[in-house]
Amino acid sequence: MFRFHLTLRTRIYLSMMAIILVSFIVTGGIALYDHYEESERYNELRLERKERAVKASMEYFLNQNGGYISSDSVLYAFNDKICELSDVHDLFIAMYDLRGNYLISTNSDLLDSLQAPEFLNYTILKQLITGNQRAVTSKTVGDQQYSYAYWHFKDQDQKPIAVTSVVYENTKMEGNDVFVFLEDLVQSYILLFLMASFVAYLLSTYITSSLQEVGQRMKNVQLGGKNDVLTWESNDEIGALVEQYNRMVRELEKSATLLAQEERESAWREMAKQVAHEIKNPLTPMKLRVQQLQRSWNDKAPEFDQKLKVYVDSMTQQIDALSHIANEFSNFAKMPKPNLQELDIIELTKSTLEIFDNQEQYDFQLKIGVIENPMVTADREQLMRVLINLVTNAIQASKLDSKPCVLVSMRAWKNRIIIRVNDKGVGISEEGKSKIFVPNFTTKSTGTGLGLAMVKSIMIQCGGRVFFWSKEGKGASFYLDFPRSI
């Protein structure tokens, strides 16, 4: 299943943008809701103002006529007055007796069209009787909403005379008004969104830049190499991460130093054991020869001179073996720093392997393909040692019951040059394949096991590599892979 892999900076940026977008939507919804609420409050306050104006006018009219009037006289006293107030305030006004029966209105024809009640609901009368100053109901007639307000009309002694009602046509929010409001809101939000996007980008970049630096430093951490610590001025979460990184670098340096020291000590211990083992091998026959010579001397053997000659020859061979062992270990331990230079690998290979030509003991062949640019960068002396070592190993690895056959071939592959040293010998066992380049490992009855380890070290120093293919009983092929000089 395909999944997107987003960077931390992208996730932080998208999260910020999502929060900003959600906040804009919520804020816009709240603003639109407040716009509707404001419209309702406007209608409510406007109704209250009109109520107070009508009420004040009616009280003033009553005071001009003595301040008192009976309930039965309301119809005649206010017939013209409520019509006048209706024209002034653009309201439908009606009056009811204290029991809720309809008495008079500004226009009886509007009574049905506005759905004004001819008899007041008990709930309205109860609100007024129980001490409420006013009672308000709402009703939608057609596509228009109306508010109906009721209050007691009282004389100077605050004694209720009648129930007055006004019908107010609520001002509704038009579609154009909403559209204009939303258009202004969206324009403002677009500008704010662009600014917020830019700020979010800067913040996400600032937050992750330090993490990227830490990640890059961690990527470049080298075991045993010099790793620089980071500095961070703020004592925050990133500062804690930087501190942990610096602590890891310090601990890594300590661990690398201890590991390198332990590896050196282990290598020298193994080397010492190998040297001791290799030296002890010729010492045993040397001791036996000395003891035999001592007995011949004590017995006054007549062939003593002949035995002395055999003894001297044997001692010379064993001393030569010890010298060879010492030289092998010395060469491996004190391998000089390579003198890298551009070399013609074809010319070097031909001149080095001339010593193996025209030998009766084995069959040696050298095949070189077409190579346009045979130049490689290597140390001449060390590369000669590599070639001689591999060919010598190939000869020694061949079957004892057949004539050794060694083939050295060279070819170009892309920007590299490959040298192959192939033999038809006994091959390498599965167990030996994993240890073939390990120092002190050898498949021969004699030898130090340092030759292939030296080959690998030299190839690494010149930027190349060595690898092999082998099948037990079918021989082996060792490959030298060189990058061509540009």
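Structure notes:
- The set of residues in region 131-144 that are within 20 Å of Lys55 (Cα to Cα) and not in a strand (DSSP E or B) comprises Gly131, Asn132, Gln133, Arg134.
- Flag if Gly463 is more than 46 Å from the chain's Cα centre (by Cα), part of a loop (DSSP other than H, G, I, E, B) and modelled with pLDDT of 80 or more: no
- Residue under evaluation Leu125, criteria (1) surrounded by fewer than 17 Cβ atoms within 10 Å (Cβ to Cβ); (2) more than 18 Å from Leu47 (Cα to Cα), criterion not met: (1)
- Set Leu125, Leu91, Leu98: member being without any contact (Cβ under 8 Å) to a residue 60 or more places away in the chain and touching a strand residue (DSSP E or B) at 6+ places or on another chain (Cβ under 8 Å): Leu125
- The helices (runs of 4 or more DSSP H) found wholly in region 20-127 and carrying at least 1 residues that are in the same structural domain as Lys154 (by TED's automatic domain parsing) and among the β-branched types (Val, Ile, Thr) occupy 74-77, 79-89.
For every residue, the table says whether it meets (1) aliphatic (A, V, I, L, M); (2) surrounded by fewer than 12 Cβ atoms within 10 Å (Cβ to Cβ).
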| residue | (1), (2) |
| --- | --- |
| Ala18 | yes, yes |
| Val22 | yes, yes |
| Ala31 | yes, no |
| Glu38 | no, yes |
| Ala53 | yes, no |
| Ala56 | yes, yes |
| Tyr102 | no, no |
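- Residues satisfying the stated conditions in region 382-437, i.e. among the charged types (D, E, K, R) and without any contact (Cβ under 8 Å) to a residue 24 or more places away in the chain: Asp401, Lys414, Glu431, Lys435
- The residue pairs whose first member lies in region 49-61 and is farther than 9 Å from Leu85 by Cα and β-branched (Val, Ile, Thr), whose second member is modelled with pLDDT of 85 or more and not in a helix (DSSP H, G or I), and whose beta carbons are closer than 8 Å, counting only pairs six or more residues apart or on different chains, do not exist in this structure.
The values are calculated or read from the model by the stated rules, or taken from the named source; none is laboratory data. Everything numeric here is computed off the predicted structure, so don't read it as measured data. As a convention, Cβ positions derive from the backbone with ideal geometry for all residues, glycine included, and neighbour counts pool all protein chains shown.
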